[in-house]
1. Tally time: how many residues in segment 4-29 are more than 13 Å from residue 58 (Cα to Cα) and among the hydrophobic types (A, V, I, L, M, F, W, C)?
2. I'd like to verify a number: residues in segment 3-45 that are small (Gly, Ala, Ser), touching a Phe, Trp or Tyr at 6+ places or on another chain (Cβ under 9 Å) and over 29 Å from residue 122 (Cβ atoms), how many?
3. Name every residue in segment 35-49 that is in contact (Cβ under 8 Å) with a residue 40 or more places away in the chain and either farther than 9 Å from residue 93 by Cα or touching a Gly at 6+ places or on another chain (Cβ under 6 Å) (or both), in order of residue number.
4. Restricting to segment 6-36, name every residue that is open to solvent by less than 50 Å² (accessible area, probe 1.4 Å), within 17 Å of residue 119 (Cβ to Cβ) and part of a helix (DSSP H, G or I).
Amino acid sequence: MQSSAPKPKRPVGVTIIAIVAAVGALLSLFGGASRLAGMGTGPVELAYIVIIFGILGLALGAGFYTGARWARMAGMIIYIISIGLGIAEIVYGGQVGLIGGVIRTIAGIVIPVYLTRPGPKSFFGKGASSPSA
């Protein structure tokens, strides 16, 4: 055991992004699978990438909810990268891709910014033990 201090209470915002990540992941898996089944438009390669992000989103949702130390940094990286995927969905994904791409792009900006705030940093074990905090 590294510290005897209790883990900080999960901020409401972290609970919200955990739910957003899990729901977004399920929608990504459904959307990618729909394209691969021939029920959607857009490049097949984009569908595979969306499915990969869906799998990552499920892991992030669980990590955010449980306060896993890796989830904060992984989430920041994955959501920043997902801005590019969101733009590709807007350009190439048809009507459904347009909606998903806009949501993914907004999440790719808002979630990493939120994760840099003191409450989430402390919940994920960053900030409280840091000398600069």
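The values are calculated or read from the model by the stated rules, or taken from the named source; none is laboratory data. Worth saying up front: this structure is predicted, and the values here are computed from it rather than measured. All Cβ positions, glycine included, derive from the backbone under ideal geometry; neighbour counts span all protein chains shown. Remember, those area values only see protein heavy atoms, side chains included, never the ligands or the DNA or RNA. Shrake-Rupley method; radii C 1.70, N 1.55, O 1.52, S 1.80 Å.
1. Within segment 4-29, the first condition is being more than 13 Å from residue 58 (Cα to Cα), and the residues that meet it are 4-16.
In the following step, the residues that additionally are among the hydrophobic types (A, V, I, L, M, F, W, C) were identified as 5, 12, 14, 16.
The qualifying residues number 4.
2. Taking segment 3-45 first, the residues small (Gly, Ala, Ser) are 3-5, 13, 18, 21-22, 24-25, 28, 31-34, 37-38, 40, 42.
Among the residues that remain, those that are also touching a Phe, Trp or Tyr at 6+ places or on another chain (Cβ under 9 Å) are: 13, 18, 21-22, 24-25, 28, 32, 42.
Remaining after also requiring over 29 Å from residue 122 (Cβ atoms): 28, 32, 42.
Of the residues in segment 3-45, 3 are small (Gly, Ala, Ser), touching a Phe, Trp or Tyr at 6+ places or on another chain (Cβ under 9 Å) and over 29 Å from residue 122 (Cβ atoms).
3. Just the residues of segment 35-49 that are in contact (Cβ under 8 Å) with a residue 40 or more places away in the chain, to begin with: 40-43, 46.
Answer for segment 35-49, where residues must be in contact (Cβ under 8 Å) with a residue 40 or more places away in the chain and either farther than 9 Å from residue 93 by Cα or touching a Gly at 6+ places or on another chain (Cβ under 6 Å) (or both): 41, 42.
4. 13, 14, 15, 17, 18
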